[in-house]
1. Which of the strands (runs of 3 or more DSSP E) found entirely inside region 380-497 contain at least 3 residues meeting this: in contact with a helix residue (DSSP H, G or I) (Cβ under 8 Å, 6 or more places away or on another chain) and within 19 Å of residue 7 (Cα to Cα)?
2. Taking strands (runs of 3 or more DSSP E) that do not extend beyond region 1-119, which have at least 2 residues that are away from the ligand (no atom under 16 Å from the Cβ) and either more than 18 Å from the chain's Cα centre (by Cα) or without any contact (Cβ under 8 Å) to a residue 24 or more places away in the chain (or both)?
3. Just checking, how many residues over region 331-349 are more than 13 Å from the ligand (Cβ to nearest atom), outside any loop (DSSP other than H, G, I, E, B) and within 23 Å of residue 162 (Cα to Cα)?
4. List every residue pair whose Cβ atoms lie under 6 Å apart, where the two residues are 6 or more positions apart in sequence or sit on different chains, the first residue falls within region 342-362 and is within 17 Å of residue 45 (Cβ to Cβ), and the second residue, located anywhere, is outside any loop (DSSP other than H, G, I, E, B) and within 13 Å of the ligand (Cβ to nearest atom).
5. Condition first: within 16 Å of the ligand (Cβ to nearest atom), within 14 Å of residue 239 (Cβ to Cβ) and crowded, with 22+ Cβ neighbours inside 10 Å. Now tell me which residues in region 288-330 satisfy that.
6. Give the residue that is nearest to the ligand (Cβ to nearest atom), with candidates limited to residues of region 248-287 that are part of a loop (DSSP other than H, G, I, E, B) and more than 30 Å from residue 320 (Cβ to Cβ).
7. What are the pairs with Cβ atoms under 6 angstrom where one residue, in region 278-292, is in the same structural domain as residue 341 (by TED's automatic domain parsing) and more than 20 Å from residue 15 (Cα to Cα) and the other, located anywhere, is assigned to a strand (DSSP E or B) and within 13 Å of the ligand (Cβ to nearest atom)? Sequence gap at least six, or different chains.
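The values are calculated or read from the model by the stated rules, or taken from the named source; none is laboratory data. Note that the structure is a prediction, hence the values are computed from the model and not measured. Neighbour counts run over all protein chains shown; Cβ positions are idealised from the backbone, glycine included.
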Ligand code: AHR
């Protein structure tokens, strides 16, 4: 590898380390909010969960859905709790009590130092509900909705800056699914009205629900064509799984993600050219993760209960490796991917698990997410890497080693993130780091495990990192041992004189 501080991709937008809380399963009820829990604070928020979220330094959290938002009435979740209606929640076929809503979520986000990324309902509703919601959350006062917020105990506006115009509106599973043209038009008109209320906001339009949708990338192209002036980002979602138990193939799936990102960038830039526009639309990868372990269990859940254990994937070690590679892919596209949300944050396909009235613990995927979020802030550099390659069922020329590097100029630190996908062999990395004069090795963190299927439980953390990685830096040349199937974080810092 050659890594030079002048090979810069872009400054990393910290919001790529965002996450997501949906009113789904036990993400809210039993996850972030459980008033009867011994660790609950005065608002019913679990302190143990907030502590783990703070460790992750999550900068932005998407809310309240997800599929759920497409039939959500935001008014149900504000005002006195005892007056809030219980509703049939159609996306996940549960009962929504509305105990938590917009104001409480804004409070929770402030407590964990995160911004809110708010989604509006473009399934069953549209321009009117969205413009009222933003008046409620962002307008200082003196109008119907802003005064109502004050009556509800929130004198100051929440000033939510980032808004999603619906969710996965191409999906037949969505309440109020839209054709590309229907969606493009409603996104355009809703975006227009919302920016009239608050011109400082940024808007994310839906793209396709994943790259295998039959209307991909036409959905993006039509939406961009219609709403180009109103929107700032286009959304991407993608989940992977190892359904055929073929790890070599599974670990290559970030190549599919890379391709997805490149296609969406091309689509944005094609419409930019078509419109003779100077404005560039960036990407918000606002749902991504591994999701498949819980599929069968979810089919057995009876409908219409409150906060059932839905989408509770228990992640294993190989999942953590793929999550690491997906994070590396975002860093490699730091010039265009400006936001990303690990979906989701607590209990529902999440890095943090809880038991009701019990403990909270870290899943395997917590660790790559944590390392990237904490050490991956600064300028994304472009490592020139010559890696051995392999082929798998779905991919060819897969580099065994994925890498990204971030220069933190403020702290005078550089961090190299690497995944070795080789199932049997360690790989020795030789890296020319001579442009980082005066830098010394700080630590080499490794996440490794002989059992690819090892999981963490509330009793035992089987998969956790150590910092005994074998690395040496001599005269600007780094030699590092990347163990078989491992996630590596190599940290260097300028020596203090
Ligand atoms: O994150 C779980 C679900 O996945 C979301 O509700 C939806 O947007 C996506 O299909």
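1. Working: elements: 401-408, 413-420, 427-432, 439-448, 471-474, 477-482, 486-494.
Fully inside region 380-497 and qualifying: 401-408, 413-420.
2. Details: elements: 8-11, 18-20, 60-63, 87-89, 94-96.
Ranges flagged: 8-11, 87-89.
3. Final tally of qualifying residues: 5.
4. Partner pairs satisfying both residue conditions: 344/20; 345/19; 352/346.
5. 288, 289, 290, 311, 313, 315, 319, 323, 326
6. Step one: of region 248-287, the residues part of a loop (DSSP other than H, G, I, E, B) are 251-253, 275-281.
Now drop any that are not more than 30 Å from residue 320 (Cβ to Cβ), which leaves 275-281.
Values: 275: 28, 276: 34, 277: 29, 278: 32, 279: 26, 280: 25, 281: 20 Å.
Applying the filter and picking the extreme gives 281.
7. Taking only residues 6 or more apart or on different chains, the pairs are 291/239.
Residues checked against (1) under 24 Å from the mean Cα position of the chain (by Cα); (2) outside the structural domain of residue 387 (by TED's automatic domain parsing); (3) more than 18 Å from residue 416 (Cβ to Cβ):
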position	(1), (2), (3)
443	no, no, no
449	no, no, yes
461	yes, no, yes
473	no, no, no
476	no, no, no
